[in-house]
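Chemist: One structure, as C-alpha cells, below. Some questions next.
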Amino acid sequence: MDVQATKVLVIDDSDVILESLSSFLGKYNFSVIKSHDGLDGIQKAAEHKPALIFLDLMMPNVDGMKMLEVKKVIKEIKDIPVIVISANTARSNVLSAMERGADRVISKPLDFELVKKYVDELLGKKNFHETKKNQILSDNDSNEIKGKLIKFFIESFEIRKKTILDAIKKKDAARLKTAVHEIRGAGGTIGYNQLSVLSGEVEDRDLNSPTDWVFAEFKCNQIFAIVRQIKNNYSK
C-alpha cells in the first residue's frame, strides 16, 4: 500500500524556481502545490493545509515578509513550517525573515542537499529515500529538466526585459530591482551563474545618482547579451 504523499506549497513568482523545486520534490513522495504570489499563497495554504511551505521573499501583491506576518495570525496555517528561499541572504535579510516566522532560510540558486536537510529537520523524519527509480530519473531526466527550466526562463524573459527597460527609462528603482530579482534567482538554477551575479549587482546597488543608473543600464545590457546567447544556443 502506497504511503500518502506529503503536501508541500511552493510560493515564488519565478516559473524556473517553481518548476525546479517541483521536479526535484516530485521524484520523492511529495505532492507539490504552486503559487505565484503571497496573496494566492495564503489562500492555498488555508485550502490545502500543506505540511511545509517554501516561500520567496520578493513577489508581487503580498511579498514574502508580509505573508509571514499574515500567516502568524491565521489559526489554520500559523503552525506550518516555512523555508524561505531568497537570492538575498545578507545577515539582515535572514534575521528579518526569521523574526517574522521563517524556520529556515536558503539561498538561490537552490542547493538540493540543503533542501533535503531542512525538509527532514522540519518534518521530523527522513523524506528522501533513494531508490532505483529515483536514481534512474536523476540520470536520465537531468538534461530534459534543465532544458525545460531554460525554456520557462526564455519564454518569460521578453516581458521582463521590457519591464527592465521601462524602469531604467523612468528611473524606477523599486521596479527595476523587482525585475532583476527573478533573474538573480533563476540564473544559477538554469546553469548560468553570471546572470545571477550581474542581477545581484543591480539589485544590491543604491540607485540614487546618474552614475548608479549608468551602472545599472550597463549591467542590464550584459544580462540581455547573455540571454541572447542562451536563445541562440537553444534555437539550433
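The values are calculated or read from the model by the stated rules, or taken from the named source; none is laboratory data. All values reported here derive from a predicted model rather than from experimental measurement. Please note: Cβ atoms are built from the backbone with ideal geometry, for glycine as well, and neighbour counts cover all protein chains shown.
Chemist: Hey, GLU121 hits all of (1) surrounded by fewer than 14 Cβ atoms within 10 Å (Cβ to Cβ); (2) under 30 Å from LEU176 (Cβ atoms) but one; which does it fall short on?
Modeler: (2)
Chemist: For LEU25, which of the numbered conditions (1) under 23 Å from ASP111 (Cα atoms); (2) assigned to a loop (DSSP other than H, G, I, E, B) fails to hold?
Modeler: (2)
Chemist: For the range 161-177, give me the residue count where each residue is assigned to a helix (DSSP H, G or I) and either surrounded by fewer than 18 Cβ atoms within 10 Å (Cβ to Cβ) or touching a strand residue (DSSP E or B) at 6+ places or on another chain (Cβ under 8 Å) (or both). Give the derivation first.
Modeler: The initial filter retains those residues of the range 161-177 that are assigned to a helix (DSSP H, G or I), namely 161-170, 173-177.
After this cut, where a residue has to be either surrounded by fewer than 18 Cβ atoms within 10 Å (Cβ to Cβ) or touching a strand residue (DSSP E or B) at 6+ places or on another chain (Cβ under 8 Å) (or both) as well, the list is 161-163, 165-166, 169-170, 174-175.
Residues flagged as assigned to a helix (DSSP H, G or I) and either surrounded by fewer than 18 Cβ atoms within 10 Å (Cβ to Cβ) or touching a strand residue (DSSP E or B) at 6+ places or on another chain (Cβ under 8 Å) (or both) within the range 161-177 amount to 9.
Chemist: Identify, by number, the condition in (1) touching a strand residue (DSSP E or B) at 6+ places or on another chain (Cβ under 6 Å); (2) assigned to a helix (DSSP H, G or I) that ILE83 doesn't meet.
Modeler: So the condition that ILE83 fails would be (2).
Chemist: Out of all the residues in the range 72-85, is one or more closer than 22 Å to LYS151 by Cβ and either touching a His at 6+ places or on another chain (Cβ under 9 Å) or not assigned by TED's automatic domain parsing to the domain that holds SER196 (or both)?
Modeler: yes
Chemist: More than 19 Å from ASN127 (Cβ to Cβ), modelled with pLDDT of 90 or more, assigned by TED's automatic domain parsing to the domain that holds VAL119 and more than 11 Å from the chain's Cα centre (by Cα), is that true of ILE53? Step through it out loud before you land on a result.
Modeler: On the way: more than 19 Å from ASN127 (Cβ to Cβ): no; modelled with pLDDT of 90 or more: yes; assigned by TED's automatic domain parsing to the domain that holds VAL119: yes; more than 11 Å from the chain's Cα centre (by Cα): yes.
Spelling it out, it is not the case that ILE53 is more than 19 Å from ASN127 (Cβ to Cβ), modelled with pLDDT of 90 or more, assigned by TED's automatic domain parsing to the domain that holds VAL119 and more than 11 Å from the chain's Cα centre (by Cα).
Chemist: Taking the condition of being of a type in the set (S, T, N, Q), over 21 Å from GLY188 (Cα atoms) and either assigned by TED's automatic domain parsing to the domain that holds GLY147 or at pLDDT below 90 (or both), how many residues in the range 12-50 meet it?
Modeler: 1
Chemist: I've got another one for you. Check whether at least one residue in the range 204-216 is under 17 Å from the mean Cα position of the chain (by Cα) and outside the structural domain of ILE85 (by TED's automatic domain parsing), and report yes or no.
Modeler: Restricting attention to the range 204-216, the residues satisfying the condition of being under 17 Å from the mean Cα position of the chain (by Cα) are none.
No, the range 204-216 has no match at all.
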